[in-house]
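The values are calculated or read from the model by the stated rules, or taken from the named source; none is laboratory data. Nothing here was measured: the structure is a model prediction, and the numbers come from that model. Heads up, the Cβs are rebuilt from the backbone with ideal geometry, glycines too, and the neighbour counts pull from every protein chain shown. Surface areas here come from the heavy atoms of the whole protein model, side chains and all, with no ligands, DNA or RNA. Shrake-Rupley method; radii C 1.70, N 1.55, O 1.52, S 1.80 Å.
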Amino acid sequence: MAGGRMQLELSRVVQGRSRLGVLKGLGRTGQHSLEVPGCLLYTHFGTVPHLTQDTLHTLRNLPSVTQVTLSNIAEHQEVLEEFKDGFRKFAGLHDTVVYCSLHDPATLCPTGYTTNKTVSVWGSGGRIELTVAKFMALQKTVQPDWYQSMADGETWQNSTSRKRVRKSVDRTLAHLDECLLVHQKSQELDGVEVFGVVEGGDILEERVRSARETAKRPVAGFCLDGLQTASMDQRLRTQLITAVNKELPEDKPRLLQGVGRPDEVLACVEAGVDLFESFFPFQVTERGCALCFSFDISPDPERAVLELSEEKDAAGDTKQNGDLNHDDQTQMTSFEINLKDKRYQDDFRPLVEGCGCYCCKNHQRAYLHHLLVTNELLAGVLLMIHNTSHYHGFFSALREALAKDKLDLLKTRIFNPLNFTDATKTGMKDGLCASRPHTG
């Protein structure tokens, strides 16, 4: 088996699906661990966007696993091969586990470029076509602690035909078998873990087949692909994830790709997902926005009153920014405020009352507004500090809620109608936001 040290220890399973525990034995030495449900640290070429390593490590609750993507790395293969000591040392990463995925989750890739033998990634220089041989050569060069197998993930659009979805599953399984064969013969990848990829588009039978066959392979965990925001509504996503997880072993982690919005994260955790990619704070930052949703499940009544007032302010903020499109990852969501708006030019409150991040301790909304409208680089730095801190704080609250039987309270906070505009309230039922109906 590839690797062999990664081990998921579950301490609780709530309502039969939501899993609380620790993923242990991470890294070449096995000394790292990651609490689940949890998320990975999103990076561009090993760096969290806008933040230096020193600035990043002033934040608390950072995950022990750093995600890098071949879409950022593939065009630098020759340089990394000449360097010889792997991507971790090349990028100056210290005391972290490196996970290598295929695509950047914050960027939708063009479709129509996959063949029976190749997949394509898109870097700054354009398209790079990967065979299994080139894909595995890249893994040997990167020297990650774990990586996802090569996969045909071009079936996330709901107009994809059943025949194309079936072909995607077949190709992905064939790629996995080839990757495992090369991996097991490679000295450079000794001790490195492989995650198999579950495809199947929006077709239940193909999802189940993909999961069942992938689970037969000697993989350390599973990536659930093609379920990202904008690909389908949450009810269908939950149905597919629930069916897939019934086919997967309980003692191996499940990583969901392309889903980061807090309401969707909660629904997917309830369906049995363990790990997520933390690209959502970056997307919010790029919009010039700040995360402001509440996830405090403490019983402090004074704190509750304060946060209720904050939520009312945030609800008023988002309403004035127009209708929100929850299917479009580039559009503002109801969990954030747009600091470019003129109303913040004389708002001297922190982004979030009580937030302990550097930005909220030292600066006001008015200052962030000024930085944004004058296109100062510091705006991205301060927003990324806050958004990263807030998002990882949400995951800490999620684990606490599972441990203390307060998941319903957390859901009440996240799905508070004050967090949503009138347009997004429509269709909210059972904790799920309305989105476009499934037509596949």
Between Asn375 and Thr29, how high is the FRET efficiency from 1/(1 + (r/R0)^6) when r is the Cβ-Cβ distance and R₀ = 56 Å? Nearest 0.05. 0.80
When the accessible area of the chain is computed with all protein chains present and a 1.4 Å probe, what percentage of it is carbon and sulfur? 49 percent
Which cross-chain or sequence-distant (5 or more) residues have an amide H under 5 Å from the amide H of Gly21, H modelled 1.01 Å from N in plane? Ser11, Val36
How about segment 136-241: which GluC sites (Glu not before Pro) there lie in a loop by DSSP and see at most 15 other Cβ atoms within 10 Å? Glu188
For the chain, modelled as a Gaussian network with Cα springs under 10 Å, which listed residue fluctuates most, Thr238, Thr96, Thr111? Thr111
Helix-derived mean residue ellipticity, 222 nm - over the chain, DSSP H n ≥ 4, -39500 (n - 2.57), to 500: -11000 deg cm²/dmol
Tilt of helix 301-319 relative to the longest C-alpha principal axis of the chain, in degrees (0 to 90, nearest 10)? 80 degrees
Which labelled figure in (i) 133; (ii) 173; (iii) 165 is volume of the Cα convex hull per residue in Å³, once derived from the coordinates: (i)
If you take the charge dipole of the chain about its Cα centre, with +1 on Lys and Arg Cβ and -1 on Asp and Glu Cβ, which of Val352, Pro63, Thr214 is farthest toward its positive end? Thr214
Name the residues whose placed amide hydrogens come within less than 5 Å of the amide hydrogen of Cys223, ignoring near sequence neighbours (fewer than 5 apart) on the same chain. Gly196, Val197, Val198, Leu255
Using a simple charge model, +1 on the beta-carbon of Lys and Arg, -1 on the beta-carbon of Asp and Glu, nothing else, what dipole does segment 245-301 show about its Cα centre, in debye to the nearest 20? 200 debye
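To the nearest µm²/s, what D does Stokes-Einstein give for segment 38-163 at 20 °C and 1.002 mPa s, using the Kirkwood radius over alpha carbon pairs as Rh? Don't skip to the end; give the middle numbers.
Working: Rh = 15.6 Å.
Answer, rounded: 137 µm²/s.
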Using modelled amide H (1.01 Å from N, peptide plane; none on Pro or chain starts), what sits under 5 Å from the amide H of Glu336, excluding residues fewer than 5 places away? Cys292
Test item: Cα-centred dipole of the chain, Lys/Arg +1 and Asp/Glu -1 on Cβ, debye: 840 debye
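Which whole-number value in Å³ per residue fits the convex hull of the alpha carbons of segment 347-398?
Spelled out: Cα convex hull of segment 347-398, divided by residues, is 67 Å³.
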Fraction of alpha-carbon pairs over 17 Å apart in segment 1-66 - percent: 54 percent
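With contacts defined as alpha carbon pairs under 8 Å and 6 or more residues apart, what's the relative contact order of the chain in percent?
Over the chain, the number comes to 17 percent.
Keeping all protein chains in place, calculate the accessible area per residue for segment 28-144 (probe 1.4 angstrom), answer in Å². Walk me through the numbers before you get to the answer.
On the way: 5280 Å² over 117 residues.
Here the residues of segment 28-144 average 45 Å² of exposed surface.
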If you plug each phi of segment 9-24 into the Karplus form 6.51 cos²θ - 1.76 cosθ + 1.60 with θ = phi - 60°, what whole-Hz ³J(HN,Hα) values come out, in order, with x for Gly and Pro? 10, 8, 9, 8, 10, 8, 6, x, 9, 5, 10, 10, x, 9, 8, 10
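So which trypsin sites (Lys or Arg not before Pro) in segment 364-412 end up in coil per DSSP with only 15 or fewer other C-beta atoms within 10 Å? Intermediate results must be reported in sequence, preceding the final value.
Details: sites: Arg365, Arg399, Lys404, Lys406, Lys411; in loops: Lys404, Lys406.
Answer in residue order: Lys404.
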